[in-house]
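**Student:** Here it is: the structure, laid out below.
The values are calculated or read from the model by the stated rules, or taken from the named source; none is laboratory data. Everything numeric here is computed off the predicted structure, so don't read it as measured data. Please note: Cβ atoms are built from the backbone with ideal geometry, for glycine as well, and neighbour counts cover all protein chains shown.
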């Protein structure tokens, strides 16, 4: 099991993936490493800030923006840097929560995708395909990550709303998986700096923005 989330209004919480890093571009596992944004990632974060500040991603057809009153983020450097850029636009102070961190990539940390794929093709396929039972060798499983992500988002939903959460690709994929109850979301690619409503159906019907849908790492 990847955990469960409370059933709340989709408009209450939006998830944003951090801007691009050099590791994203190189297709290299960064896991919990303190990798900063690259120049493209910083530009993406500025664009994300403008979209969030303008209320981008409101309920489809409502014509109304989302007046965020809370900003949460993973403490990993790439997410915190993105959140700081967004915070300046929203005039909110980011609140860090370690439960929002990306999957611990274990023995694959700092390794190129191509090298891991050559060494462990089935394991790598499990990661790319988003298999619910996937686990990083020497690291964290999607199931373990799902427990902490569900707990973090449940606490966020009990706090000040609407809230924007700056986090990571797999965090977003797991959160949508938990809502949808099937594995499709776990295999989806989330663009860097995408702004995604925490509701699978709405996530598919809105323009989430952001850059190229690079694999999470």
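**Student:** Can you find even one residue in the range 112-133 that is part of a loop (DSSP other than H, G, I, E, B), modelled with pLDDT of 95 or more and crowded, with 18+ Cβ neighbours inside 10 Å?
**Tutor:** Checking the range 112-133: not a single residue is part of a loop (DSSP other than H, G, I, E, B), modelled with pLDDT of 95 or more and crowded, with 18+ Cβ neighbours inside 10 Å.
**Student:** Just to be sure, is residue 204 assigned to a helix (DSSP H, G or I), at pLDDT below 95 and under 26 Å from residue 44 (Cα atoms)? Spell out the reasoning first.
**Tutor:** On the way: assigned to a helix (DSSP H, G or I): yes; at pLDDT below 95: yes; under 26 Å from residue 44 (Cα atoms): yes.
Yes.
**Student:** Could you list, in sequence order, all residues of the range 17-52 that are in a loop (DSSP other than H, G, I, E, B) and farther than 12 Å from residue 80 by Cα? Break it down into steps so the answer makes sense when it comes.
**Tutor:** The initial filter retains those residues of the range 17-52 that are in a loop (DSSP other than H, G, I, E, B), namely 18-20, 27, 29-36, 38.
Hits for the range 17-52 are 20, 27, 29, 30, 31, 32, 33, 38.
**Student:** Can you name the condition, by its number, that residue 161 falls short on among (1) touching a residue at least 24 places away in the same chain (Cβ under 8 Å); (2) surrounded by 15 or more Cβ atoms within 10 Å (Cβ to Cβ); (3) within 28 Å of residue 38 (Cα to Cα); (4) over 14 Å from the mean Cα position of the chain (by Cα)?
**Tutor:** The failed condition is (3).
**Student:** In contact with a strand residue (DSSP E or B) (Cβ under 9 Å, 6 or more places away or on another chain), at pLDDT below 95 and either part of a helix (DSSP H, G or I) or more than 21 Å from residue 52 (Cα to Cα) (or both): is that true of residue 176 in this structure? Lay out the reasoning, then the answer.
**Tutor:** Working: in contact with a strand residue (DSSP E or B) (Cβ under 9 Å, 6 or more places away or on another chain): yes; at pLDDT below 95: yes; either part of a helix (DSSP H, G or I) or more than 21 Å from residue 52 (Cα to Cα) (or both): yes.
It is true that residue 176 is in contact with a strand residue (DSSP E or B) (Cβ under 9 Å, 6 or more places away or on another chain), at pLDDT below 95 and either part of a helix (DSSP H, G or I) or more than 21 Å from residue 52 (Cα to Cα) (or both).
**Student:** Step by step: first the residues of the range 85-94, then only those that are surrounded by fewer than 16 Cβ atoms within 10 Å (Cβ to Cβ) and not in a helix (DSSP H, G or I), then the one that is modelled with the lowest pLDDT. Which residue is that? It would help to see each step written out before you state the result.
**Tutor:** Let us first name the residues in the range 85-94 that are surrounded by fewer than 16 Cβ atoms within 10 Å (Cβ to Cβ), namely 88, 91, 93.
Checking which are not in a helix (DSSP H, G or I) leaves us with 91, 93.
Values: 91: 95, 93: 98.
Checking each candidate, the answer is 91.
**Student:** In addition: What number goes with the only condition from (1) free of Cβ contacts under 8 Å to residues at least 40 places away in the same chain; (2) within 19 Å of residue 48 (Cβ to Cβ) that residue 76 does not pass?
**Tutor:** Unmet for residue 76, out of (1) free of Cβ contacts under 8 Å to residues at least 40 places away in the same chain; (2) within 19 Å of residue 48 (Cβ to Cβ): (1).
**Student:** Which of the following residues is under 16 Å from the mean Cα position of the chain (by Cα) and modelled with pLDDT under 95: 57, 3, 61? Steps first, answer last, please.
**Tutor:** Details: 3 fails: under 16 Å from the mean Cα position of the chain (by Cα); 61 fails: under 16 Å from the mean Cα position of the chain (by Cα).
Being under 16 Å from the mean Cα position of the chain (by Cα) and modelled with pLDDT under 95 holds for just one of 57, 3, 61, which is 57.
**Student:** Next question. Take the range 6-27 and flag every residue that is buried (at least 23 other Cβ atoms within 10 Å of the Cβ) and either over 15 Å from residue 150 (Cα atoms) or at pLDDT below 50 (or both). Can you show your working first?
**Tutor:** Just the residues of the range 6-27 that are buried (at least 23 other Cβ atoms within 10 Å of the Cβ), to begin with: 13-21, 24.
The answer is 16, 17, 18, 19, 20, 21, 24.
**Student:** Listed residues 82, 109; which is over 16 Å from the mean Cα position of the chain (by Cα), in contact (Cβ under 8 Å) with a residue 24 or more places away in the chain and surrounded by 17 or more Cβ atoms within 10 Å (Cβ to Cβ)? Lay out the reasoning, then the answer.
**Tutor:** Working: 82 fails: over 16 Å from the mean Cα position of the chain (by Cα).
Residue meeting the stated conditions: 109.
**Student:** Of all residues in the range 64-79 being in a loop (DSSP other than H, G, I, E, B) and under 13 Å from the mean Cα position of the chain (by Cα), which is nearest to residue 175 (Cα to Cα)?
**Tutor:** Of the residues in the range 64-79, the ones in a loop (DSSP other than H, G, I, E, B) are 64-69, 74-76.
Checking which are under 13 Å from the mean Cα position of the chain (by Cα) leaves us with 74-76.
Numbers: 74: 14, 75: 18, 76: 18 Å.
Looking at the filtered set, the residue picked out is 74.
**Student:** Kindly provide the set of residues from the range 112-131 that are touching a strand residue (DSSP E or B) at 6+ places or on another chain (Cβ under 9 Å) and in contact (Cβ under 8 Å) with a residue 60 or more places away in the chain, ordered by number.
**Tutor:** 112, 113
**Student:** Could you list, in sequence order, the residues of the range 34-45 that are surrounded by fewer than 17 Cβ atoms within 10 Å (Cβ to Cβ) and touching a helix residue (DSSP H, G or I) at 6+ places or on another chain (Cβ under 6 Å)?
**Tutor:** 34, 36
**Student:** Another one. In this structure, does residue 31 turn out to be surrounded by 18 or more Cβ atoms within 10 Å (Cβ to Cβ), at pLDDT below 95 and on the phi > 0 side of the Ramachandran plot? It would help to see each step written out before you state the result.
**Tutor:** Numbers: surrounded by 18 or more Cβ atoms within 10 Å (Cβ to Cβ): yes; at pLDDT below 95: no; on the phi > 0 side of the Ramachandran plot: yes.
No, not satisfied.
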